[in-house]
Structures are given as C-alpha cells and as structure tokens.
1. Once the Cα atoms of helix 10-38 and of the chain are each reduced to a long axis, what angle between those two axes, in degrees from 0 to 90 to the nearest 10, is obtained?
2. State, as an integer percentage, the relative contact order of the chain based on alpha-carbon contacts under 8 Å between residues 6 or more apart.
3. Quick check for the chain: number of Lys pairs with alpha-carbon distance under 27 Å, counting only pairs 8 or more apart or on different chains?
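Values in this text are rule-based calculations from the coordinates and carry no lab data. A quick note: this is a predicted structure, and the numbers were derived from the prediction, not measured.
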Amino acid sequence: MNAKTPAIDTRYCQHGKETRMSETRAQLKSIAIDQIRQANLSAASFRELGKAAGIKSSSVHYHFQSREKLLTELLQDYDVDFFRHLNAQTSDSRRTKEKLMALIEVFEDGHQQKRQCMSLAYAASPQELSEANLEAFHTFVAHLEDWVSEALSHASLLPISRQELACLIVSALEGSLLLDRLHPDPKHLNAAKAWISTLSRF
C-alpha cells in the first residue's frame with residue numbers, strides 16, 4: 001500500500017510568495033533610485049524599470065499602485081538611507097569640521113560614481129511632481145539643512161546665523177555636484193570644500 005502523500009502546508013507557500021514579492025519590490029526601488037541618480041526622473045518610468053529588471057511594465061505596476069507613489073517612496077527611502085550612512089560616519093565625531101568633511105565625502109563619492117543627489121533630479125523636473133512628491137522633496141532638504149545646522153552647533157562667531165549658513169552650505173554642495181556632472185575634475189566641489197573647511201576657525 002502506497003504511503004499517503006503529505007499535504008502541502010499552504011502557509012509556507014504563501015510566505016515564500018510574499019518574500020519573493022518583497023525582494024522584487026526592493027530590487028525595483030534600488031534600480032529606480034540608481035537610474036534617477038544617473039539620469040533623471042524619466043528613467044524611473046514603469047517601462048524603463050521593467051526593461052532594466054527584465055520584466056513587463058505591467059509587473060512593475062503590480063508592485064506599485066502609481067508612479068506618483070513610487071517617486072514619493074523612493075525619495076523617502078533615499079532620505080532614510082542617506083542619513084543612516086552619514087550618521088554612521090560621524091557617530092564618533094563632535095567637531096564641526098569632521099562632520100562637514102564627512103558630508104562633503106558623500107557628495108564627492110556621488111561625483112566619482114557619476115550619481116547626482118536624488119533631490120537634484122526631483123528639483124529639475126517640477127512638472128512631474130505631485131504634492132506628495134514635493135512634500136518628500138522638501139522634507140529631505142529640510143533634514144539636510146537641519147543636519148548641517150546641528151553640525152554647526154559647536155561652532156562660534158559664525159558670519160551669519162547658523163540656519164542661514166546651513167542653507168548656504170547645502171546650496172553650495174548641491175549646486176557644485178550639479179555643475180560638475182559633466183566634468184571629470186570636480187572643481188566646483190573642490191572650491192566648496194575649500195570654503196567650508198575655513199568654517200572650522202569659527
């Protein structure tokens with residue numbers, strides 16, 4: 001008499017399916033962020049993402065309800081990862097110069113890898129942004145300015161207010177990265193770095 005075939009526990013099948021879906025979703029977001037940083041927001045269309053991932057655009061739509069929600073989620077994820085990395089690099093630093101140099105290194109790495117900051121890509125395509133996208137953009141910029149302002153908290157005799165100087169530093173770094181995109185030599189970033197390094201005397 002043949003042994004009875006054990007029943008398949010569908011709970012494990014469902015768990016495996018959900019895991020694969022989660023992995024695919026994470027992969028699509030990673031591809032989208034990389035393509036946006038290399039090019040622009042148009043590179044994150046469902047068609048382009050499907051092409052890069054080797055799947056149909058309809059499959060991309062299965063993981064994301066709309067491109068608007070995808071763009072919001074991408075910038076929110078980038079925000080979290082950006083500051084997780086930056087805070088890890090500066091966890092043992094208390095000096096203003098050390099923290100600001102760590103921030104500059106993030107932008108220098110972006111130039112070396114030919115990757116722009118996500119916020120630049122969003123700012124360059126305002127016509128493609130929804131209210132939710134704009135909110136995510138402004139939140140990231142505010143987080144960046146607040147981080148710089150906090151880094152300046154141990155400095156004294158600053159030439160302008162701490163918040164104004166934070167805005168100026170962020171503008172200098174973002175603008176320099178944009179201007180240096182087409183040049184192998186990051187002369188604008190180098191100039192910004194030289195200026196920011198002088199802040200250590202304040």
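1. For 10-38 against the chain, the angle is about 30 degrees.
2. 20
3. Total qualifying Lys-Lys pairs in the chain comes to 21.
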